[in-house]
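**Student:** Right, I'll just put the structure down here and ask away after.
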Amino acid sequence: MKKEFAVVGLGRFGGSICKTLSDQGMEVLAIDTDEEKVNEYASVASHAVVGDSTDEGVLKSLGIRNFDHVIVAIGDNIQASILTTLILKELGVKKITVKAQNDYHAKVLSKIGANFIVHPERDMGRRIANSMISNSVLDYLELSDEHSIVELVASKKMAGNTLIDLDIRAKYGINIVAIKRSQDIIVSPQASESIKQGDILIVIGADVNINRFENKFADM
């Protein structure tokens, strides 16, 4: 099933998250107080609404507690960011990621229960979005608009298979360029290398092919 995300705040950071999640086929609700920004993302997100996220009634009416993950990407208004996070937590949202303006803001967010706190100056919106889509994605580096290097955690379904058993290059058009196992790293692994559950696979290829491979072997 598709994961459902809500993005609160459609500035450059929130907009980047919204677009990337939508491009990956996720269901995305975009929320902002600025009607112009909402109109801009109306054709990008699954749903885009004008709303004040500091109003508990508004968030309740949107069914916000039913979303898998809510990203609070409010710009310079730290008070609105904190209040929105507090309301989301009280409403029982499972995962909340919040953009922090500074270390003090991050400290407050941590105390009120934000699950993930990000600093856009240090983290690219697209990199964060791709790590949120799946529990198996540890890291993501964009090589071009369509190609990436991704760190994936080997699932139970992969465990015990060799690279030749999985026939990854022929079936998915991607390459495993290295395997991290505990403190060791196997560069250019042999086709006979057996994958263990929890191995970190460093995969390179087209985004669409990496997603196909990940979905095929994802643990339920």
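The values are calculated or read from the model by the stated rules, or taken from the named source; none is laboratory data. Just so it is clear, the structure is predicted and the values come from calculations on it, not from any experiment. Note: ideal-geometry Cβ built from the backbone for every residue, glycine included; neighbour counts use all protein chains shown. Accessible surface areas use protein heavy atoms only, side chains included; no ligands, DNA or RNA. Shrake-Rupley method; radii C 1.70, N 1.55, O 1.52, S 1.80 Å.
**Student:** Which ranges mark the helices (runs of 4 or more DSSP H) fully within segment 19-101 that have 3 or more residues being in contact (Cβ under 8 Å) with a residue 24 or more places away in the chain and either closer than 21 Å to residue 3 by Cβ or under 16 Å from the mean Cα position of the chain (by Cα) (or both)?
**Tutor:** Details: elements: 35-41, 56-61, 78-90.
The helices (runs of 4 or more DSSP H) meeting that bar are 78-90.
**Student:** Additional query: Tell me which of these residue 45 doesn't satisfy, since it passes every other one: (1) within 21 Å of residue 82 (Cβ to Cβ); (2) modelled with pLDDT of 95 or more.
**Tutor:** (1)
**Student:** Please determine, by comparing only the residues of segment 186-205 that are at pLDDT below 90 and farther than 14 Å from residue 154 by Cβ, which one is most open to solvent (accessible area, probe 1.4 Å).
**Tutor:** 187
**Student:** Please name all residue pairs, on different chains or six or more residues apart, with Cβ atoms under 8 Å, provided the first residue is in segment 193-220 and is free of Cβ contacts under 8 Å to residues at least 60 places away in the same chain and the second residue is open to solvent by 20 Å² or more (accessible area, probe 1.4 Å) and among the acidic types (Asp, Glu).
**Tutor:** 201/151; 202/151; 203/151
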